[in-house]
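I have placed the structure first, in the form of structure tokens, so that the comments after it can refer back to it.
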């Protein structure tokens, strides 16, 4: 960390840190830009990014409760519940109660939700690919492995 406890030229006040010395600064700015690009790409399909994220998880492995989805997507449970309510009104998901566990309510993707994923996927993939433009296959694997390690560190610290 270059910026920790260094003084600026001609300024006796020590600088505690520079935000650009920390990976989380770049992660945040990448995520912010990515969300804006995804929202723009998803607009023609009539779904916001948060809908896309829920649909993406469910199309991969259908039928999860709000608690699981909240952890997987790093979205507050009450906010996610409102998102799922809207998605259900739009016919993209439905809530089901398994016969063997009447206390558990599962969120499941509908046929309309699957069609929306299929329609929007090429646009989303273009955004993902443009974000990784210029990275080799090995660099992509390395970056993903490093980010997973960082996420695990955050989880161990008590983060989502």
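The values are calculated or read from the model by the stated rules, or taken from the named source; none is laboratory data. A quick note: this is a predicted structure, and the numbers were derived from the prediction, not measured. FYI the Cβ positions are ideal-geometry reconstructions off the backbone, even for glycines, and counts take in every protein chain you see.
A few comments on the model shown:
- Residue 80 touching a helix residue (DSSP H, G or I) at 6+ places or on another chain (Cβ under 9 Å), at pLDDT 95 or above and assigned by TED's automatic domain parsing to the domain that holds residue 112: yes
- Filter result (in a helix (DSSP H, G or I) and under 13 Å from the mean Cα position of the chain (by Cα)) within segment 38-68: 38, 39, 49, 50, 51, 52, 53, 54, 55, 56, 57
- Scanning segment 50-61 for residues that are in contact with a helix residue (DSSP H, G or I) (Cβ under 9 Å, 6 or more places away or on another chain) and surrounded by fewer than 18 Cβ atoms within 10 Å (Cβ to Cβ) yields 56, 57, 59.
- Among residues of segment 30-81, those that are in contact (Cβ under 8 Å) with a residue 40 or more places away in the chain and in contact with a strand residue (DSSP E or B) (Cβ under 8 Å, 6 or more places away or on another chain), counted: 9
- Residue check, residue 99 outside any helix (DSSP H, G or I) and either exposed (fewer than 10 other Cβ atoms within 10 Å of the Cβ) or touching a helix residue (DSSP H, G or I) at 6+ places or on another chain (Cβ under 8 Å) (or both): yes
- Condition check for residue 91: surrounded by 12 or more Cβ atoms within 10 Å (Cβ to Cβ), assigned by TED's automatic domain parsing to the domain that holds residue 60, in contact with a helix residue (DSSP H, G or I) (Cβ under 6 Å, 6 or more places away or on another chain) and not in a helix (DSSP H, G or I): yes
- Lone unmet requirement of (1) assigned to a helix (DSSP H, G or I); (2) not assigned by TED's automatic domain parsing to the domain that holds residue 77 for residue 158: (1)
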